[in-house]
Amino acid sequence: KKPQTEGLINGGVYILHMLSLLRKGFPEEFSFEKDYLEKYYIEKKIFGFAADKYFIDIGVPEDYDRAQIELNRLI
């Protein structure tokens, strides 16, 4: 992943049929985005929507630290 100033990101909640996923034979560690979504989006019922709302990427250490402050303000 490369830092971007704009564009779409993938983030959300996924509902999966576990047996179907397990039958794919993925290794114990794999990329859900690369190995599943990008590979099977044509044959599976995969859909999403674009939202223009607040987003913070907690996978980035600096953003994770910022989230600790910003989200605690909501409590």
Checklist outcome for this item: The condition of being more than 17 Å from the chain's Cα centre (by Cα), farther than 18 Å from Ile15 by Cα, open to solvent by 60 Å² or more (accessible area, probe 1.4 Å) and at pLDDT below 85 holds, among Ile69, Ile75, only for Ile75
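In the range 5-21, what count of residues is obtained for those that are without any contact (Cβ under 8 Å) to a residue 40 or more places away in the chain and within 15 Å of Ala50 (Cβ to Cβ)? Steps first, please.
Of the residues in the range 5-21, the ones without any contact (Cβ under 8 Å) to a residue 40 or more places away in the chain are 5-7, 10, 12-21.
Now restrict to residues that are within 15 Å of Ala50 (Cβ to Cβ): 6-7, 10, 12.
Count: 4.
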Checklist entry - Quick one: what pairs do we get from the range 44-70, first residue free of Cβ contacts under 8 Å to residues at least 40 places away in the same chain, second open to solvent by less than 100 Å² (accessible area, probe 1.4 Å) and assigned to a helix (DSSP H, G or I), C-beta under 6 Å, 6+ apart or different chains? => result Ile56/Asp63; Ile56/Ala67; Ile58/Ala67
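Look at Tyr54 and say whether it is within 16 Å of the chain's Cα centre (by Cα) and part of a helix (DSSP H, G or I).
Working: within 16 Å of the chain's Cα centre (by Cα): yes; part of a helix (DSSP H, G or I): no.
No: the conditions fail for Tyr54.
The values are calculated or read from the model by the stated rules, or taken from the named source; none is laboratory data. Values in this document were obtained by computation on a predicted structure and should not be read as measured data. Positions of Cβ are backbone-derived with ideal geometry, glycine not excepted, and every protein chain shown enters the neighbour counts. For the accessible areas, the whole protein counts, side chains as well, though only heavy atoms, and no ligand, DNA or RNA atoms are used. Shrake-Rupley method; radii C 1.70, N 1.55, O 1.52, S 1.80 Å.
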